1. Take every Cα pair under 8 Å in the range 169-335 that's 6+ residues apart, average their separations, divide by the length, and report that relative contact order as a whole percent.
2. Quick one: 318, 196, fewest Cβ neighbours within 10 Å first, how do they rank?
3. Take residue 314, project a point 7 Å from its Cα along the Cβ direction, then tell me which residues of the range 161-193 have their backbone nitrogen under 11 Å from it.
4. Please arrange 121, 154 by counting, for each residue, the other beta carbons lying within 10 Å of its beta carbon, fewest first.
5. Whole angstrom only: what separates the Cα centroid of the range 252-301 from the Cα centroid of the range 130-205?
6. Over the Cα atoms, compute the radius of gyration (one decimal) and Dmax (the largest Cα-Cα distance, rounded to a whole number) for the range 216-342, in Å.
7. Can you tell me the FRET efficiency between residue 81 and residue 257 if r is taken as the Cβ-Cβ distance and R0 is 45 Å, rounded to the nearest 0.05?
8. Could you line up 313, 333 from fewest to most neighbouring Cβ atoms inside 10 Å?
């Protein structure tokens, strides 16, 4: 039978008063006069407790604390592995564990355990097609199970990730006042997007009473090749990197106006590099017109893009493209990291 020895009573001088040289961890674990350590233990017939592991990502191996993450990162580094999980198992003997390299053909030349200490070596590994993550996500509070329908749904706790990203991201913090000013000046929707693999992701969106598409929100993802922000960022990248992104993208016509042919996309990027901004009309959403400029780092590489989105009913081609182009170029330039003088 297993017990969770999650606390140590602080009632005698021989008890552990805190974590050694780690007052912050001690304060976080101290509740109602007891130190909640997260240790797991078993109790024998005599009432004695024996340490067997932890509720955290640590495991106890031959008297040493082993982080599951340290083992998982070694396996995850291999191109044949999409994900890995290290799990503590009961000890069957005190003999040394065999290394993984003698039991798998995934690693050649060097053992898969390179970088691990001897006591961190896994006893064995098992290859599986997929992980069952539902129980783990529910235990962590990211999934909620309806007791009546027994179906799972995402919980609000997932928004913690969004909150921490938005409040800690330096680019978002730097861009926010500029996008607010841009939205106030144009009375149109203004956005900050970043490139994520072959897509752009909206990380900040300032909407107006004239917003065209209310379904695009923070976290929305669109293909880079046919959106003004995506094209603006792509234009700052080396040609080889652009080719790699296009080769991994499903190039399809979302509307009759979508430019999806690789040669035409390359020609378009060349034009964007000359004029300093990207412009699209009706290419992903019909009646949606977007003008964007890239935000660059000190090396001139695009780290994001600013764009203004306008409904066609409010668009006046003879005046708006040049006006909005100048606005997004100046805004992106103000947000961009100043280039170091070589």
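1. 24 percent
2. In order of increasing Cβ crowding within 10 Å: 318, 196.
3. 183-190
4. Values: 121 19, 154 11.
So the ranking, lowest neighbour count to highest, is 154, 121.
5. Between the Cα centres of the range 252-301 and the range 130-205 lies a distance of 25 Å.
6. Looking at the range 216-342, its Cα Rg and Dmax stand at 14.4, 47 Å.
7. My answer for the efficiency is 0.60.
8. Sorted ascending by nearby Cβ count, the order is 313, 333.
Laboratory data are not the source of any read-out in this text; all were calculated from the coordinates shown. The structure displayed is predicted, hence computed values, not measured ones. Quick reminder, even Gly has a Cβ in these numbers, built from the backbone with ideal geometry, and neighbours come from all protein chains shown.
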